[in-house]
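First comes the structure, then the notes that go with it.
The values are calculated or read from the model by the stated rules, or taken from the named source; none is laboratory data. Quick caveat: nothing in here was measured; it's all calculated off a predicted structure. As a convention, Cβ positions derive from the backbone with ideal geometry for all residues, glycine included, and neighbour counts pool all protein chains shown. The protein model used for the area step is the full one, side chains on, heavy atoms only, and it has no ligands, DNA or RNA in it. Shrake-Rupley method; radii C 1.70, N 1.55, O 1.52, S 1.80 Å.
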Amino acid sequence: MSYVNLENNSIVGIDCVVYGTPDMELGKKIFENWGLRLDEHTDQSLRFSCGNGGEIVIYHEDTPGLPPRFTDGSNFREQIG
């Protein structure tokens, strides 16, 4: 959810959304198909940039420190900002 910051007339919103997945290649394909630019790719993570300056970060679901799922079957893990 975004809102307008009246002090400097900027739009403030979500900076980053974090997902966990068992299939990194499928995660890569989904977000590339949405038109996001892949900025960083390792064996354990993918980092995409959005047109509004936000990021999508995907980690392998076995990554230590990854927040737990919000619901069963969901790979959404965290919203930052």
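Looking at the chain, what strands (runs of 3 or more DSSP E) fall wholly within it and have at least 1 residues that are aliphatic (A, V, I, L, M) and at pLDDT 90 or above? Please lay out each step first, then the result.
Working: elements: 3-5, 10-12, 16-21, 37-41, 45-49, 55-60, 76-80.
So the answer is 16-21, 37-41, 45-49, 55-60.
Residues in the range 45-81 that are open to solvent by 60 Å² or more (accessible area, probe 1.4 Å), out of contact with any Phe, Trp or Tyr (no Cβ under 8 Å at 6 or more places or on another chain) and not charged (D, E, K, R): Gly51, Asn52, Gly53, Pro64, Gly65, Pro68, Thr71, Gly73, Gln79, Ile80, Gly81. Taking every residue in the range 56-81 that is closer than 18 Å to Asp15 by Cβ and pairing it with any residue that is surrounded by 10 or more Cβ atoms within 10 Å (Cβ to Cβ) and polar (S, T, N, Q), at least 6 positions away or on another chain, the pairs with Cβ-Cβ distances below 9 Å are Ile56/Ser49; Val57/Ser45; Ile58/Thr21; Ile58/Ser45; Ile58/Asn75; Tyr59/Thr21; Tyr59/Gln44; Tyr59/Ser45.
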